[in-house]
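Chemist: For reference, the structure I am asking about is given below.
The values are calculated or read from the model by the stated rules, or taken from the named source; none is laboratory data. The shown structure was predicted, so the numbers you read here are calculated from the model rather than taken from an experiment. Reconstructed Cβ throughout: ideal geometry from the backbone, glycine too, with neighbour counts over all protein chains shown. SASA here: full protein model, heavy atoms, side chains in, ligands and nucleic acids out. Shrake-Rupley method; radii C 1.70, N 1.55, O 1.52, S 1.80 Å.
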Amino acid sequence: MKEQKIGKERRYDIDWLRVMAILAVFFFHCAQFFRSGAWILKNAEHSLVADVFSGWLAFWGMPLFFLLSGSGSWYALRSISSGQYLLERAKRLLVPFYTVGVFLLLPISAYFWAIHHLGYPGTSTFWEMLIHYFGHWEFTLESPHGLMPVPFHGHLWFLQYLFLISLLTLPLMHYLRSERGFHLIDTLARWCRRRAGVFLFLIPVLLVRISLKSIPFSGLYTWADFLEFVVFFIIGYILAADTRFAQSIQKHSWICLISGLVSFAVVVYFALEFGYFGGGPFSSTFVLYQTVWSIGRWSWIVFVLNIGAKYLNSDNRVLACSSEAVLPFYILHEPMIVWVGWFVIHWNIGILPKYLIIAVASFVLIMTLYELFVRRFNAVRFFFGMRPRKRRFASPAHPPEGTAA
């Protein structure tokens, strides 16, 4: 099988979806003050709307991130070697993670977490907390985080996972570009053109969740989650290799919207009626829940991918600027949201005004920091995983595919 056209031409819809996914994560974290359950900071009153909104985005948001990163890796590896790919990943993911992340931004989130969840007195200063913060570097195999120890992983766990997944799947990615790999992709593409063929990708997702999401991997950020994200990363890599996958996604888009809505409704019913969120020992209920969850998650991803391919596969300057800002925005967003929210949640106003104020103020703060202190200076750009700034007379360009987080 030869590479199809989709494997050779740039996919601008992937870049647009990455930008929109970052914005979705931003609004998701703004809502965490007001949903039930634990987070860094909590508002005194909770909102069912925040619960549903957060649950819906959590349903499919992060798997989409890894899938898009896998698709980007397909394009990146067509023109660079394995060593160059890993070096690019290290610069883009590890440098910001172990510099501005660990030493400047994550301590902000860790400080508020310590006060509200670890019993630190509110009078404790930020500097006193830092002593304890930098005293917790532990290597462990209990979770993927332990392979790259940090005092507090916060929202930057995504950078940890993505680098590890990029490293561990590199041999498989090279195999899929070989003659045998192209034959396998060709077979999958032919199967996917059949009725309901796009749901073939559900099989590995479902196997991971049913086999691993029960005890002892029923929590968050476990090896089960890591392996599921590996699956989505490889699926994204495969989807970029052949035009027939895009055709199959388009063919099944509306069916997936219906199955996504029904599946999410069932998940919400389980949560509201029985207080069940998919954890606990292996049982028939557990299998049913994980099956519905997997169907719904994949259905929403297929629907979103089709919307992107149908309406967003075009280039303009807004996309070029937005694509460049994606990773710095992600790195900055949660600590800034938490810092702004610390003041707003104590105000005597309703939940909706609080949410809007946090979202608007945080966005303005993040973009101001990015524009004034990050984007303009090559030294700072390096620590935020960005490529050196081009001279003014150079034509604007997108970051290479596969390098964006």
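Chemist: Conditions: (1) within 30 Å of G279 (Cα to Cα); (2) surrounded by fewer than 19 Cβ atoms within 10 Å (Cβ to Cβ); (3) more than 16 Å from the chain's Cα centre (by Cα). L172 meets all but one. Number of the miss?
Modeler: Checking L172 against (1) within 30 Å of G279 (Cα to Cα); (2) surrounded by fewer than 19 Cβ atoms within 10 Å (Cβ to Cβ); (3) more than 16 Å from the chain's Cα centre (by Cα), the one that fails is (1).
Chemist: In addition: Tally time: how many residues in segment 300-319 are more than 15 Å from F245 (Cβ to Cβ) and more than 17 Å from the chain's Cα centre (by Cα)?
Modeler: 9
Chemist: Let me confirm something: among L141, L130, which residue is without any contact (Cβ under 8 Å) to a residue 60 or more places away in the chain, open to solvent by 60 Å² or more (accessible area, probe 1.4 Å) and not hydroxyl-bearing (S, T, Y)?
Modeler: Among L141, L130, only L141 is without any contact (Cβ under 8 Å) to a residue 60 or more places away in the chain, open to solvent by 60 Å² or more (accessible area, probe 1.4 Å) and not hydroxyl-bearing (S, T, Y).
Chemist: Among what's in segment 1-35 and is modelled with pLDDT of 90 or more and in a loop (DSSP other than H, G, I, E, B), pick the residue that is most open to solvent (accessible area, probe 1.4 Å).
Modeler: R35
Chemist: A further question on this structure: For segment 329-355, enumerate the residues that are without any contact (Cβ under 8 Å) to a residue 60 or more places away in the chain and closer than 15 Å to I366 by Cβ.
Modeler: Within segment 329-355, M336, V340 qualify.
Chemist: Something else about it: Out of (1) modelled with pLDDT under 95; (2) open to solvent by 50 Å² or more (accessible area, probe 1.4 Å), the odd one out for A309 is which?
Modeler: Of the numbered conditions (1) modelled with pLDDT under 95; (2) open to solvent by 50 Å² or more (accessible area, probe 1.4 Å), the odd one out for A309 is (2).
Chemist: Within segment 178-201, restricting attention to residues that are free of Cβ contacts under 8 Å to residues at least 24 places away in the same chain and part of a helix (DSSP H, G or I), which residue is least open to solvent (accessible area, probe 1.4 Å)?
Modeler: So, considering only residues that are free of Cβ contacts under 8 Å to residues at least 24 places away in the same chain and part of a helix (DSSP H, G or I), the one least open to solvent (accessible area, probe 1.4 Å) is G181.
Chemist: Only one of V287, V267, V304 is open to solvent by 30 Å² or more (accessible area, probe 1.4 Å), within 28 Å of L212 (Cβ to Cβ), touching a residue at least 60 places away in the same chain (Cβ under 8 Å) and assigned to a helix (DSSP H, G or I); which? Can you show your working first?
Modeler: Values: V267 fails: open to solvent by 30 Å² or more (accessible area, probe 1.4 Å); V304 fails: open to solvent by 30 Å² or more (accessible area, probe 1.4 Å).
Exactly one of V287, V267, V304 is open to solvent by 30 Å² or more (accessible area, probe 1.4 Å), within 28 Å of L212 (Cβ to Cβ), touching a residue at least 60 places away in the same chain (Cβ under 8 Å) and assigned to a helix (DSSP H, G or I), namely V287.
Chemist: Kindly list the number of the only condition in (1) among the hydrophobic types (A, V, I, L, M, F, W, C); (2) open to solvent by less than 30 Å² (accessible area, probe 1.4 Å); (3) assigned to a loop (DSSP other than H, G, I, E, B) that fails for W157.
Modeler: Going through the list (1) among the hydrophobic types (A, V, I, L, M, F, W, C); (2) open to solvent by less than 30 Å² (accessible area, probe 1.4 Å); (3) assigned to a loop (DSSP other than H, G, I, E, B), W157 breaks only (3).
Chemist: Shifting gears a bit: The conditions are (1) without any contact (Cβ under 8 Å) to a residue 40 or more places away in the chain; (2) under 26 Å from Y161 (Cα atoms); (3) surrounded by fewer than 17 Cβ atoms within 10 Å (Cβ to Cβ), and L227 fails exactly one of them. Which is it?
Modeler: (3)
Chemist: Under 6 Å by Cβ, and 6 or more places apart or on different chains, what pairs join a residue from segment 88-99 that is within 18 Å of H145 (Cβ to Cβ) with one that is of a type in the set (V, I, T)?
Modeler: Between residues of segment 88-99 that are within 18 Å of H145 (Cβ to Cβ) and residues that are of a type in the set (V, I, T), the close pairs are P96/I331.
Chemist: Considering only residues that are polar (S, T, N, Q) and within 19 Å of P63 (Cα to Cα), look in segment 269-294 and name the one that is modelled with the lowest pLDDT.
Modeler: Once the filter is applied, the top-ranked residue is Q290.
Chemist: Kindly indicate which of L257, L272, L319 is surrounded by fewer than 16 Cβ atoms within 10 Å (Cβ to Cβ) and either in contact with a Phe, Trp or Tyr (Cβ under 6 Å, 6 or more places away or on another chain) or in a helix (DSSP H, G or I) (or both).
Modeler: Being surrounded by fewer than 16 Cβ atoms within 10 Å (Cβ to Cβ) and either in contact with a Phe, Trp or Tyr (Cβ under 6 Å, 6 or more places away or on another chain) or in a helix (DSSP H, G or I) (or both) holds for just one of L257, L272, L319, which is L272.
Chemist: Any residue in segment 349-361 that is assigned to a helix (DSSP H, G or I) and within 20 Å of the chain's Cα centre (by Cα)?
Modeler: Here is the first cut: in segment 349-361, the residues assigned to a helix (DSSP H, G or I) are 351-361.
From the residues that got through so far, the ones that are within 20 Å of the chain's Cα centre (by Cα) too are 359.
For segment 349-361, residues assigned to a helix (DSSP H, G or I) and within 20 Å of the chain's Cα centre (by Cα): present.
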